[in-house]
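Student: Pasting a structure below so you can have a look.
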Amino acid sequence: MPSEVHRRAFLQLLALAGAGSVAGAGLAAAGTGFPLVAGGAAATLVVSPDDLPGVRRVAGDLAADVERVTGIRPAVTDVVPPRGPVVLIGTLGHSPLVDDLVAAGRLDVRGIAGQWETSLSQVVDGRLVLTGSDQRGVIYGVYEVSRRIGVSPWYWWADVPPRRQAELHLPGERFSLGTPHVKYRGFFVNDENPALGTWAPAYFGPGQAPGYPNGFNHLFYAKVFETMLRLRANYLWPAVWGRAFAEDDPLNHATAKEYGIVMGTSHEAPMMRGIEEWNRHAVPAVRDASGTITTPGHDPYGGTGEWSFRRNGEAIKAYWTDGIRRMAREGFEGVVTLGMRGNGDVSLPDGDGIELMREILATERDILGRELSTGVPQVWTLYKEVQRYWAQGLRPPDDVIVVFTDDNWGNIRKHPDLSLPPRPGGYGLYYHFDYVGGGRNYKWVDTALIANTWEQLHQAIAYGNDRLWVANVGDMKGNELPLQFFLDYAWDPAAWPAERLSTWERQFAGENFGPALASDVAGVLHDYGRLQSRRKPELLNRRITLQPDGTIVYDDQMTPFSLVNYRELDRVTDEWQDLAARASKISARLPAAWRDAFYELVRYEVQASANLYALRRAEFTNLLYAAQGRASANALAAVTEARFADDLALAEKYNTGIAGGKWNGFQTQPHIDYGDVARYGPNAPWQQPEKDNVALPDVIFPAVRRIDLPPAAALGVAVDGSPEAWPGAPGRPVLPEFSPYQSAPPQYVDVFNRGRAPFRCTVSAGAPWVLVEPRGGRVEEELRMTVRIDWARAPRGTTTVPITVSGAGESVVVDAVVRNPGLPAGGFVEAGGYVSMEAEHCSANFGAGPVSWRRIPDLGRTGAGMTPFPVTAASRAPGTGPRLEYRLTLFTTGPVTVWAYSSPRNNVLQGDGLRYAVAFDDAPPQVVNINKATGADDTTMNRQWERTTSDNVNLTATRHEIATPGGHVLKVWMVDPAVVVQKLVVDTGGLRPSYFGPPESLRWPG
């Protein structure tokens, strides 16, 4: 880890970046420090020919970066010039240029030598020395200079231009980035069709690399490797969808070696061979009547028939052996994946017997022992069903890195057991920013919430998970922000406590768009992550409901946001429209050279997501209005199709309208037509549709409806809180209960036309203190009337007042239920049949010893999250741990339900689930197990898990008895760590269905 001196220097640099001085952050004033470029001349870059290949190569990158900023390209040589400023670049123990300085006592490398990937920058005898403990330590130090002079790590992948400067002066004091906390840090290029799989063959295909047409060749990976190193990553799982890293281009492994990248293979690809190699070379095996293979027909470089260790073991052993021999022959650095999963990233066809997996691991270890003369790092990833083996007690050899995973939706599934001795091999983490599978693929745009990622990575570090981290980033492009945060946090977790997350966002924005707009851009990115994390955009046409009997119902033709309760769909859609407007204003203020990068990193994902919400609002409002017979339904169908055309136009701009068409094909990921089983078959509820990037309205699922209207006018009435319409629906319409303490939006009555001819309507209320605005008017399609109460004149108690709506020869009577209960006792006040409270807005927060509830900003869907700290705290007996208290006033007595909205966390600990306790006043605490209560299983991904991850919330309920009206205190205790409480809702009988729950209740006094 970084020393304290190194950490202070690093944090000083970050503070400069956070303040907005990013292009040139850490540079010295003209005439001071080391003159990298001054007086129209650049310092000479000197690197020894005896140094490692990655160091020799990166010197050329630094020269190119200096030229990008100043227009002057430094010379790169292996001979120190007799005069002029010089930058010496070299690795300790491999560069005579640097080693001579150490031997002469001119360069102090204590604290650097012998470390892992540790850099050192210092001016010695007038020369800037960039050195490091090993090859990557030097490379990271060189790229740090590039970042200081204003070259973004995303200069190529996101077309971020450098800010031109005439001179560059670097500070001369000793500086180190320190030693990374997580040893192996990287990502997985995955799920790469259709976007990356369309773009790469066109950009890097036959015209660039003849003979390697699929585009995933050494030219492509060189761009990936360079960006990795600029982000201080070192480890890669290469693309796997129909791709084979070693075969797609024989230069791929050599290029990884040249750049200094550690290669690995994914959890489904053991022994340094991608599964595609097996699929390409497998030939049918001949079996006798008993099923025994008699004629393998083995292709020495591939497989033989079935991917089954039990039924085709010898062929698989030979296949694995070839992979390890290739690794030894080509001499690249790597981490070898152990274990085995089924072909196609599924469970094994041989079953999940623990003895079978024990035999597989032993076989792989035997091959490694025979084929490699030196030890090589090895990893076993407990992905999906593989975690069952661990739960059942199977342990690999102690030197193997054991990788725990998230549940594919950003929630870690298991932590190491802190009661056990440390494993020599250590633990790792596999985490997702992209996923293909249930409850639905999410591959289109970045949907990560930095606060959630931080909270989960913080837990991983606290539980000793620090040996190897890899993130699934899909196409890589599109997930730039979460990937960079993931890698920054892996490098030095202590530099990024929760309180500095906004600083990190400003640094990211400033590094890419300059200091003047850093705060504005960071604000848009922050709110984008907050809004996007509420629900994946691919899931906007799928409602998942939990029935009273515990069953889960999936409706792929219904918005999850309520159309009629709390104006929920309108409110969330309007938030997106406001965000898109902010992004557009920033784009207009940016210099023209930065607008392409802004479109790629910010504006496209914001604008396209806002447009998709507008599409879904028009679409589902159309379906509701068509069912009610509203004339306005047809106009909404046209709006839906117009928003679909906008979606295509935004993608086309990305593909052909920016960066000279560089990214043509990248925006081809379907995201609208999910769920159409009739068109796409039984996997349609989760698997991406064939395509939605064609100009056909029928790819909008569910399809909009148009209705035939009669020529004559016809009255229609709908009210807040109901999908029904009158005349026609049974009974009288009733508005949600009115209260002087309500926080929900004002109630409304919609008067609409069911015909083509306009008509006039009138409205009259049965009491003068019930106010309706407007009180009538001309109705061509529809007219919304707001209903308010003059509370100064309203009587105490509960009163029902009729509101009569007349027009087109008909009348409808709407009941307004008005409850005026008197003054509250204090705290959150019941209104509309509920009390709604954000978890962060507790009345009191009581710790228990060193443990307390801590607020994590933005971790909730509608506010912050509250979670026990430290995250490694021991479990507490119910009622003895730290507690949150909420003062509230209840006017209703009898049974009430308390709904706790918590983050969808898995059972990461060693017990049977994560628990909290809750009670009113002095009643005994009720204990809730958030995993057991919802039928979740920490080793499987079941239907309940699909609901909680899709909704990004875990809903649990307790029943309580309220004996007297007035003031009460709701208490929530920690029982286990890792529980994150987002929101609490007390249902006193009037709670209406909605995605977020009702808006927060009024707090008395305010």
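Student: In the stretch 77-90, what residues are part of a loop (DSSP other than H, G, I, E, B) and of a type outside the set (Lys, Arg)?
Tutor: Asp78, Val79, Val80, Pro81, Pro82, Gly84, Pro85 - these are the residues of the stretch 77-90 that are part of a loop (DSSP other than H, G, I, E, B) and of a type outside the set (Lys, Arg).
Student: Just to be sure I understand, how many residues within the stretch 761-774 are exposed (fewer than 13 other Cβ atoms within 10 Å of the Cβ) and over 48 Å from the mean Cα position of the chain (by Cα)? Give the steps one after another, and end with the answer.
Tutor: Looking only at the stretch 761-774, we keep the residues that are exposed (fewer than 13 other Cβ atoms within 10 Å of the Cβ), and these are 768, 773-774.
If we keep only those that are over 48 Å from the mean Cα position of the chain (by Cα) as well, we get 768.
Of the residues in the stretch 761-774, 1 are exposed (fewer than 13 other Cβ atoms within 10 Å of the Cβ) and over 48 Å from the mean Cα position of the chain (by Cα).
Student: Test Ser811 against the criterion of being surrounded by fewer than 22 Cβ atoms within 10 Å (Cβ to Cβ), over 21 Å from Gly865 (Cβ atoms) and among the small types (Gly, Ala, Ser), and give yes or no.
Tutor: Answer is yes for this residue.
Student: Can you find even one residue in the stretch 420-430 that is closer than 19 Å to Pro904 by Cβ and outside the structural domain of Asp951 (by TED's automatic domain parsing)?
Tutor: yes
Student: Determine whether Val445 is outside any helix (DSSP H, G or I), in contact with a strand residue (DSSP E or B) (Cβ under 7 Å, 6 or more places away or on another chain) and among the aliphatic types (A, V, I, L, M).
Tutor: Judged against the criteria, Val445 is not a match.
Student: Any idea how many residues of the stretch 627-658 are hydrophobic (A, V, I, L, M, F, W, C) and within 26 Å of the chain's Cα centre (by Cα)? Before the answer, list the steps.
Tutor: Kept after step one, since they are hydrophobic (A, V, I, L, M, F, W, C), are these residues of the stretch 627-658: 627, 631, 633, 635-639, 642, 644-645, 648-651, 658.
Pick out the ones that are also within 26 Å of the chain's Cα centre (by Cα) and you get 644, 648-651, 658.
Summing the residues that are hydrophobic (A, V, I, L, M, F, W, C) and within 26 Å of the chain's Cα centre (by Cα) in the stretch 627-658 gives 6.
Conditions tested, residue by residue: (1) closer than 30 Å to Gly393 by Cα; (2) touching a strand residue (DSSP E or B) at 6+ places or on another chain (Cβ under 7 Å); (3) surrounded by 20 or more Cβ atoms within 10 Å (Cβ to Cβ); (4) not assigned by TED's automatic domain parsing to the domain that holds Thr949.
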| residue | (1), (2), (3), (4) |
| --- | --- |
| Pro878 | yes, yes, no, no |
| Arg887 | no, yes, no, no |
| Val896 | no, yes, yes, no |
| Ala900 | no, yes, yes, no |
| Arg915 | yes, yes, yes, no |
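Student: Follow-up question, since we're still on this one. Restricting attention to the stretch 459-486, which residues are of a type outside the set (Val, Ile, Thr) and assigned to a loop (DSSP other than H, G, I, E, B)?
Tutor: Residues satisfying the conditions are Tyr463, Gly464, Asn465, Asp466, Arg467, Gly474, Asp475, Met476, Lys477, Gly478, Asn479.
Student: Can you name the number of the only condition in (1) of a type outside the set (A, V, I, L, M, F, W, C); (2) crowded, with 21+ Cβ neighbours inside 10 Å; (3) part of a helix (DSSP H, G or I); (4) touching a residue at least 40 places away in the same chain (Cβ under 8 Å) that Glu575 fails?
Tutor: Condition (2) is where Glu575 drops out.
Student: For the stretch 124-143, indicate whether the set of residues that are within 18 Å of Glu511 (Cα to Cα), at pLDDT 95 or above and either in contact with a Lys or Arg (Cβ under 7 Å, 6 or more places away or on another chain) or of a type in the set (S, T, N, Q) (or both) is non-empty.
Tutor: yes
Student: Within the stretch 138-158, restricting attention to residues that are out of contact with any strand residue (DSSP E or B) (no Cβ under 9 Å at 6 or more places or on another chain) and not in a loop (DSSP other than H, G, I, E, B), which residue is surrounded by the fewest Cβ atoms within 10 Å (Cβ to Cβ)?
Tutor: Arg147
Student: So which of Asp708, Asp673, Asp692 is in a loop (DSSP other than H, G, I, E, B), at pLDDT 95 or above and charged (D, E, K, R)?
Tutor: On the way: Asp673 fails: at pLDDT 95 or above; Asp692 fails: at pLDDT 95 or above.
Going through Asp708, Asp673, Asp692 in turn, the sole match is Asp708.
Student: State yes or no: is Gly93 without any contact (Cβ under 8 Å) to a residue 40 or more places away in the chain and either over 30 Å from the mean Cα position of the chain (by Cα) or not in a loop (DSSP other than H, G, I, E, B) (or both)? Lay out the reasoning, then the answer.
Tutor: On the way: without any contact (Cβ under 8 Å) to a residue 40 or more places away in the chain: yes; either over 30 Å from the mean Cα position of the chain (by Cα) or not in a loop (DSSP other than H, G, I, E, B) (or both): yes.
Spelling it out, Gly93 is indeed without any contact (Cβ under 8 Å) to a residue 40 or more places away in the chain and either over 30 Å from the mean Cα position of the chain (by Cα) or not in a loop (DSSP other than H, G, I, E, B) (or both).
Student: Can you say whether Glu605 is part of a helix (DSSP H, G or I) and more than 22 Å from the chain's Cα centre (by Cα), as far as the supplied structure shows?
Tutor: Spelling it out, it is not the case that Glu605 is part of a helix (DSSP H, G or I) and more than 22 Å from the chain's Cα centre (by Cα).
Student: Something else about it: Kindly indicate the residue of the stretch 96-117 that is of a type in the set (A, V, I, L, M, F, W, C) and part of a helix (DSSP H, G or I) and also nearest to the chain's Cα centre (by Cα) among those meeting that condition.
Tutor: Taking the candidates together, the pick is Val98.
Student: Within the stretch 370-385, identify whether any single residue is farther than 22 Å from Glu314 by Cα, aromatic (Phe, Trp, Tyr), in contact with a helix residue (DSSP H, G or I) (Cβ under 6 Å, 6 or more places away or on another chain) and crowded, with 20+ Cβ neighbours inside 10 Å, and answer yes or no.
Tutor: Looking for residues that are farther than 22 Å from Glu314 by Cα, aromatic (Phe, Trp, Tyr), in contact with a helix residue (DSSP H, G or I) (Cβ under 6 Å, 6 or more places away or on another chain) and crowded, with 20+ Cβ neighbours inside 10 Å, one finds none in the stretch 370-385, hence no.
Student: Also, quick follow-up: All but one of (1) surrounded by 19 or more Cβ atoms within 10 Å (Cβ to Cβ); (2) touching a residue at least 40 places away in the same chain (Cβ under 8 Å); (3) of a type outside the set (Gly, Ala, Ser) hold for Val928, so report the exception by its number.
Tutor: The one condition Val928 does not meet is (2).
Student: To continue, here is another question. Can you tell which of Ala583, Ala597, Ala618, Ala593 is closer than 20 Å to Thr447 by Cβ and either assigned to a helix (DSSP H, G or I) or in contact with a helix residue (DSSP H, G or I) (Cβ under 9 Å, 6 or more places away or on another chain) (or both)?
Tutor: Exactly one of Ala583, Ala597, Ala618, Ala593 is closer than 20 Å to Thr447 by Cβ and either assigned to a helix (DSSP H, G or I) or in contact with a helix residue (DSSP H, G or I) (Cβ under 9 Å, 6 or more places away or on another chain) (or both), namely Ala583.
Student: Hey, another quick one. Sort through Phe828, Phe891 and tell me the only one that's surrounded by fewer than 23 Cβ atoms within 10 Å (Cβ to Cβ) and of a type outside the set (Val, Ile, Thr). Steps first, please.
Tutor: Values: Phe828 fails: surrounded by fewer than 23 Cβ atoms within 10 Å (Cβ to Cβ).
That would be Phe891, the only listed residue that is surrounded by fewer than 23 Cβ atoms within 10 Å (Cβ to Cβ) and of a type outside the set (Val, Ile, Thr).
Student: So which of Gly822, Gly860, Gly881 is part of a loop (DSSP other than H, G, I, E, B) and modelled with pLDDT under 95?
Tutor: Gly822
Student: Which condition from (1) among the small types (Gly, Ala, Ser); (2) surrounded by fewer than 23 Cβ atoms within 10 Å (Cβ to Cβ); (3) closer than 20 Å to Ile261 by Cβ is the one that Ser119 breaks?
Tutor: Of everything listed in (1) among the small types (Gly, Ala, Ser); (2) surrounded by fewer than 23 Cβ atoms within 10 Å (Cβ to Cβ); (3) closer than 20 Å to Ile261 by Cβ, Ser119 misses just condition (2).
Student: Got at least one residue in the stretch 347-354 being in a helix (DSSP H, G or I), touching a helix residue (DSSP H, G or I) at 6+ places or on another chain (Cβ under 7 Å), modelled with pLDDT under 95 and aliphatic (A, V, I, L, M)?
Tutor: yes
The values are calculated or read from the model by the stated rules, or taken from the named source; none is laboratory data. Predicted, not measured: the structure shown is a model, and the values here were computed from it. Using ideal geometry, Cβ is built from the backbone for each residue, glycine included, and neighbour counts are taken over all protein chains shown.
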